[in-house]
Amino acid sequence: MIPLSQTQARGPELQKKVSFWNGLGLVVGLMIGSGLFSSPGPVLESSGAYGTALVVWLISGLLAMCGALCYAELGTMLPMNGGEAVYLGRAFGSLVSFMFEFVTIVIQKPGSLAIICIVFGDYVSRIAYHTYFFNVPHDSDASVELADSVIPPFLPKLLAVVCLLVLTLINAFSVRAGIRVQDVLTVVKVLTAIVISVVGVVVLTNKGLVVGNSLQGDPFQGFGSISFGQFAVAFYSGLWAYEGWNNLNYVSGEMKDPHRDLPRVIIFGIPLVIFCYMLSNVAYLAALRFEVVTHTNTVAMDFGKKIFGPAGGIIFAVCVSLSCFGSANASVFTGARIIYVSAKQGHIPSFFGKLSQSRQTPILALLLQACLTTVMIMIGSFRVLVNFYSLSAWIFYLLAVLSLLIFRYTEPGLKRPYRVWLSTPILFCMVALFLCTTPFIEAPIESAIALGIVLLAIPIWLVHVKFRPWIARGWEHITSRIKGDSRNRQGYHGMEMTEAD
């Protein structure tokens, strides 16, 4: 068990500038983003029916709510930057904490940030070729797929890297600047979701406006024909859209009053996200045909074009791009804090834990994150990155919530300003265990590679942490022997020269 004092960062400390409204903007900004505009198609395709798809969206949101409430107890009990790294280290020891930090720094944060930036690049590249959309009939469902053929393959990735670098510079400049950008873009993305929802309700109540919408027939027709694996994949896509529910805990140490504000942010923020997601998906299904939703990667752009024509598609693409920009900003902000705390604990080189003297921001941590994310953007695709991300993420979500149950037993006297019902972490652990095992049935190769990367942290921990003092002493002994032998040889040759004289 790691003493609480050892988890505190030493040296210059991050300032407590995050208020309730800033935290609400951060958690909503992380959750409402690329997933809302990229996951509806995969969820509907894997579900097989629009009623089943809506149930998947609802259950995914409730599961995220359960996890967030568990994290609220952990965050108020241990209100420090680092999130799961703090909880896992205290409950399971430095090995598990190091494994989480390694996987988060190498896979999870760069991978999720790369996915968001890639979606941003896809939408912005379509905006760059906006004149093409005005030459396509506005009732054509295939306009976006046709547009893909005229967009240079390198352009979306180039735009994704530009997005990443701009946000890294903003967050390196000032903590307050990053928060202000987040606050503004959160308003944009929530307004976008509201507009989509309102328009969808209008379309739903006036079916004559759009011909051939998906909300026809039995809402659960086709559910019995899908496999168990397909149903699980639908949840993976839905849960990816809700990712970000845990990230506020990473900056709990920077909150002005974490004991009061952290639970309030979760209780108010998560239901708002669930409400927006449900209405937005109803809107997509009301306006677009089933085949269009399941095959498009830019459902919001298709939605805007279907309702308002080519100009509407461009407007919605701009809004989605800003939404992704906001989600990426929040991910950059929180990801750098994980690197910062890991360096402070000695798990990675200590210079990544240094703050800028003038800006008091973790610049070196931001640079490391930017480099790793750039590699992910250049070599990965949307689906590959999601497959790698999901398994590793849910392994540590399971362990983090399990640590809450361990603390209830081993440290009952620890102060808990917020206490979740016992059934909540138990239910979450059961579902998380299911999500950690199912990928090996549906996608065994990707899952095995992801698990291999997780286990790779063990030998690195043995060398870098466990046996580091012994290795250092052994290396010092070897170098001293080499230097001693060198001096002896020099002395021997000197004696020979003297005798010769």
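Some observations on this one:
- Extension gain for VAL195 to VAL463 (0.36 nm times residue separation, less C-alpha to C-alpha distance): 91.1 nm.
- Note on PHE290, PHE440, PHE100, PHE351: ascending count of other Cβ atoms within 10 Å places them as PHE351, PHE440, PHE290, PHE100, the fewest first.
- At R0 = 30 Å, FRET efficiency that the Cβ-Cβ distance of ILE426 and HIS259 yields, to 0.05: 0.75
- If you take all other residues with their beta carbon under 12 Å from the beta carbon of GLU101, and give Lys and Arg +1 and Asp and Glu -1, the sum is +2.
- Annotation note: trypsin sites (Lys or Arg not before Pro) in region 393-432 located in DSSP loop regions with a Cβ neighbour count of at most 10 within 10 Å are LYS415.
- Three-way shape label, region 254-412, alpha-carbon gyration tensor, a/c 1.5: prolate
- Dividing the alpha-carbon radius of gyration of region 351-440 by the rule-of-thumb value 2.2 N^0.38 Å gives 1.53.
- For region 150-192, Kirkwood radius (reciprocal of mean inverse C-alpha pair distance, Å): 12.0
- What the Cβ-Cβ distance of GLU411 and VAL166 gives, at R0 = 56 Å and to the nearest 0.05, is a FRET efficiency of 0.80.
- Theoretical gain in end-to-end length, ILE59 to ALA128 [0.36 nm per residue, Cα-Cα removed]: 21.1 nm
- The distance between label points at PHE20 and THR437 comes to 4.2 nm (points 7 Å beyond Cα on the Cα→Cβ vector).
- The stretch between VAL375 and PHE268 holds 34.9 nm of extra length on full extension. This uses 0.36 nm per residue minus the Cα-Cα distance.
Just so you know, all these numbers are worked out from the coordinates, no wet-lab data involved. What you see is a predicted model, and the numbers here were worked out from it, not measured in a lab. Neighbour counts are summed over all protein chains in view; Cβ atoms, including those assigned to glycine, are modelled from backbone coordinates with ideal geometry.
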